[in-house]
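Student: Okay, here's the structure, questions in a sec.
Computed from the coordinates by the stated procedures, all read-outs in this text should not be read as laboratory data. Note that this is a predicted model, so its numbers are computed, not measured. Virtual Cβ from ideal backbone geometry, glycine too; neighbours counted across all protein chains shown.
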Amino acid sequence: MSAPRWSVEGRDWPNRAASRFVESGRIRWHVQQMGAGPVVLLLHGTGAATHSWRGLMPLLAERFTVVAPDLPGHGFTTGRPVGGLAMPAMARAVADLLATLGVAPDLVVGHSAGAAIGVRMVLDALVRPRALAGLSPALMPFPGLAAQLFPTLARMLFVNPFAPHIVAALVRGPGDAARYVKQATGSRIDAVGVDFYRRLFATSDHVAGAITMMAAWDLDVFARDLPRLHVPTLLVHGAADSAIPLASVKAAAALISESQIEIMPGLGHLAHEERPAEVAALIEEFAGKE
């Protein structure tokens with residue numbers, strides 16, 4: 001297996017000056033922190049890392065203290081929480097990190113699967129934010145045939161020791177990575193952003209983390225818990241998102257008593273990377289109301 005190296009893949013990592021490595025439990029976290037004011041926790045999605053916040057984080061840091069970790073199995077964070085990469089274990093691990101850092105989030109912002117981790121943290125009383133924001137949130141079971149095929153495929157990849165190496169080999173070139181990002185997300189991000197994904201997906205450890213995370217999740221049980229969420233929640237959806245259908249976001253909103261949806265025309269699953277200033281404005285406006 002190969003792991004992302006801070007001196008190589010991370011040599012010019014976005015917001016690198018805000019990075020540090022923190023030991024918490026069985027995990028050595030790569031975490032970024034910047035700004036001052038109320039605390040905002042940023043949780044990236046499956047297969048991403050802190051580079052995903054490269055544009056959004058500095059904008060939010062103008063008003064907030066922003067904390068963004070690489071989740072276990074991703075980026076430059078190493079080690080596994082007790083319970084592996086299942087959602088409750090990930091939620092507890094992030095809560096332990098926050099305790100180590102001595103911060104309590106006023107606002108939790110999660111992208112895709114990161115939104116589910118943030119919600120799980122609230123449901124399990126691990127954090128008590130004033131509000132939540134889910135960007136292209138993955139909160140509901142996969143629709144239709146994908147409900148059966150996707151978890152099964154993830155588990156098949158998980159038990160195949162060669163799978164991470166195969167996936168890593170598929171995205172080694174810039175053109176391969178650009179095609180992968182566009183097809184998987186519906187987003188058009190710049191070449192610099194694509195290259196950070198290429199670096200990570202060229203390492204089998206990062207790929208294995210993403211596959212393991214997908215294989216370990218149970219969104220059916222999670223969705224049944226959503227009606228217990230009583231925190232003001234903003235759900236932001238890119239209209240061109242090829243990963244999460246709008247119907248899924250609407251279904252989640254219908255289960256959350258204090259929720260609202262903002263649709264961003266023409267943007268995909270990585271809307272926060274395509275238009276960080278617009279997403280920051282939505283988050284700041286929402287936070288100001290709560």
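Student: Treat the count of other C-beta atoms within 10 Å as a stand-in for reagent exposure and order Glu278, Glu62 from fewest to most. Mind showing how you got there, number by number?
Tutor: Working: Glu278 16, Glu62 13.
Fewest-to-most Cβ neighbours within 10 Å comes out as Glu62, Glu278.
Student: At 222 nm, what helix-only mean residue ellipticity would the chain give, in deg cm²/dmol to the nearest 500, using -39500 (n - 2.57) for each DSSP H run of four or more? Intermediate values should be presented prior to the final figure.
Tutor: Values: 12 runs with 124 residues, N = 290.
Estimated from H runs of four or more residues: -12500 deg cm²/dmol.
Student: Further, regarding this structure: State the extension gain, in nm to one decimal, for the chain segment bounded by Glu278 and Glu62, taking 0.36 nm per residue of separation less the distance between their alpha-carbons.
Tutor: Details: separation 216, 0.36 × 216 = 77.76 nm, distance 1.46 nm.
So the extension gain works out to 76.3 nm.
Student: Enumerate the calculated ³J(HN,Hα) couplings along the range 261-271 in order (Karplus 6.51 cos²θ - 1.76 cosθ + 1.60, θ = phi - 60°), each rounded to whole Hz, writing x wherever the residue is Gly or Pro.
Tutor: Result, rounded to whole Hz: 10, 10, 9, 10, x, x, 9, x, 5, 9, 4.
Student: Could you list Ile27, Ile211 so that the one with the fewest beta carbons within 10 Å of its beta carbon is first and the one with the most is last?
Tutor: Values: Ile27 22, Ile211 25.
Final ranking by Cβ density, sparse to dense: Ile27, Ile211.
Student: Here's another thing I want to ask about it. Just to confirm a number: summing +1 for Lys and Arg and -1 for Asp and Glu over residues other than Ala252 whose beta-carbon lies under 15 angstrom from that of Ala252, what do you get?
Tutor: Working: positive: Arg120, Arg224, Arg228, Lys250; negative: Asp220, Asp225, Asp241, Glu258, Glu262.
Net of charged neighbours comes to -1.
Student: For a quick check: with amide H placed at 1.01 Å from N, whose amide H comes under 5 Å from Val236's, ignoring anything fewer than 5 positions away on the same chain?
Tutor: Under 5 Å from the amide H of Val236 lie the amide H atoms of Gly134, Leu135, Ser136, Glu262, each far enough along the sequence or on another chain.
Student: What are the extents of the Cα atoms of the range 188-278 along their three principal axes, in Å, largest first?
Tutor: If we take the Cα atoms of the range 188-278, the spans are 41, 32, 20 Å.
Student: Please state the equivalent ellipsoid semi-axes for the range 57-107: what are the square roots of 5 times the Cα gyration tensor eigenvalues, largest first, in whole Å?
Tutor: Details: eigenvalues 103, 33, 16 Å².
Over the Cα atoms of the range 57-107, the ellipsoid semi-axes are 23, 13, 9 Å.
Student: Also: Stick to the Cα atoms of the range 1-116, pair each with every other, and give me the Kirkwood hydrodynamic radius in Å at one decimal. Spell out each step's value before the answer.
Tutor: Working: mean 1/r = 0.0709 Å⁻¹.
Averaging 1/r across every pair of different Cα atoms and inverting gives 14.1 Å.
Student: Continuing with the same structure: What Kirkwood Rh does the chain have if only Cα atoms enter the pairwise 1/r average? Answer in Å. List each step's numbers first, then the result.
Tutor: Working: mean 1/r = 0.0535 Å⁻¹.
It is 18.7 Å.
Student: How high is the relative contact order of the chain, in percent, counting Cα pairs under 8 Å that sit 6 or more residues apart?
Tutor: Working: 599 pairs, mean separation 59.4, N = 290.
Computed over the chain, the figure is 20 percent.
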